[in-house]
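Take a look at the structure set out below.
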């Protein structure tokens, strides 16, 4: 798109509409989208003729610039959903009765999704929108988000999982306790089949070693892979025990080695299955778990529902 070349008006309008759509889905506000696209074109015309001449794919440059501006806005403000919801009705123009009903339905669907997107981090939201909504090439998504292609795949996966979790039915506390006990028993018995059945098909496990212990550096996805990683981590050993315990207000698991807490495991649940597993192995984060209870707080870190001595 050299300044000396004429460009069909349809192409110009299509380009601007595409940029507005990208900005709207990333920001959730038509006003902020207009502002972001306006800034994009200001940056384009702020380039010298020579700089513009070196850009072989102007539309890709414009999309990348718009995405970067949107990420900056999301990271800087994080104003939350409320401020954007009030402006969302401006994005759709209603026409006649039949068309208007279809437009209102489309608006309601997009509003529900946009509300859900507000719960994501800026990077997760960008990776999901660019990949799933606009079907952009992995390289383009990586350029816009400023991460590697594998990182963007992981961000989009996390976003999809978070959105699915929001649609899932919460697990009652007593059922969470039973589920945690069943996970413990499967680990104690090294029963991979049972453990896999307790995990949702797209379960994810995160391992926090803090660089202080050798742990998986990337999340593990899928029920079979998560089950395998947990059984490998908690392999039977005479000096190791596994118990259920209150972790972050819900029943989780505690792995001890020679009475020292070696891992604290949180379990996120929905629809009668474990959806996410959070394994803390970082000794710095486990320090409070290994401190002796003070005389005034003899019940520190204890839970009346705590079970057994693991493999003994």
Checklist entry - Which condition breaks for residue 301 when tested against (1) modelled with pLDDT under 85; (2) buried (at least 18 other Cβ atoms within 10 Å of the Cβ)? => result (2)
Item to check | helices (runs of 4 or more DSSP H) contained in segment 80-171 and holding at least 1 residues modelled with pLDDT of 70 or more | outcome: 97-117, 122-128, 138-145, 149-167
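Does residue 181 satisfy the condition of being assigned to a helix (DSSP H, G or I) and either within 20 Å of residue 282 (Cα to Cα) or touching a strand residue (DSSP E or B) at 6+ places or on another chain (Cβ under 8 Å) (or both)? Before the answer, list the steps.
Values: assigned to a helix (DSSP H, G or I): yes; either within 20 Å of residue 282 (Cα to Cα) or touching a strand residue (DSSP E or B) at 6+ places or on another chain (Cβ under 8 Å) (or both): yes.
Criteria met by residue 181.
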Checklist outcome for this item: Sole miss for residue 248 among (1) modelled with pLDDT under 90; (2) over 20 Å from residue 172 (Cβ atoms) is condition (2)
Checklist entry - In segment 37-52, is there at least one residue being more than 16 Å from residue 134 (Cα to Cα), without any contact (Cβ under 8 Å) to a residue 40 or more places away in the chain and surrounded by 20 or more Cβ atoms within 10 Å (Cβ to Cβ)? => result yes
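Could you please find all residues in segment 4-37 being over 22 Å from residue 123 (Cα atoms) and in a helix (DSSP H, G or I)?
Residues of segment 4-37 that are over 22 Å from residue 123 (Cα atoms), as a first pass: 4-17.
Listed by number, the residues that qualify are 9, 10, 11, 12, 13, 14, 15, 16, 17.
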Checklist outcome for this item: How many residues of segment 7-65 are over 29 Å from residue 114 (Cβ atoms) and in contact with a helix residue (DSSP H, G or I) (Cβ under 6 Å, 6 or more places away or on another chain)? The answer is 1
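Criterion first (closer than 24 Å to residue 158 by Cβ and either free of Cβ contacts under 8 Å to residues at least 60 places away in the same chain or crowded, with 16+ Cβ neighbours inside 10 Å (or both)) does residue 226 satisfy it? Walk me through how you get there before you give the answer.
Numbers: closer than 24 Å to residue 158 by Cβ: yes; either free of Cβ contacts under 8 Å to residues at least 60 places away in the same chain or crowded, with 16+ Cβ neighbours inside 10 Å (or both): yes.
Answer is yes for this residue.
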Checklist entry - Looking only at segment 188-223, which residues are part of a strand (DSSP E or B) and either touching a residue at least 40 places away in the same chain (Cβ under 8 Å) or out of contact with any strand residue (DSSP E or B) (no Cβ under 8 Å at 6 or more places or on another chain) (or both)? => result 199, 200, 201, 202, 203, 204, 205, 206, 207, 208, 221
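The values are calculated or read from the model by the stated rules, or taken from the named source; none is laboratory data. No experiment lies behind these values; they were computed from the predicted model shown. Note: ideal-geometry Cβ built from the backbone for every residue, glycine included; neighbour counts use all protein chains shown.
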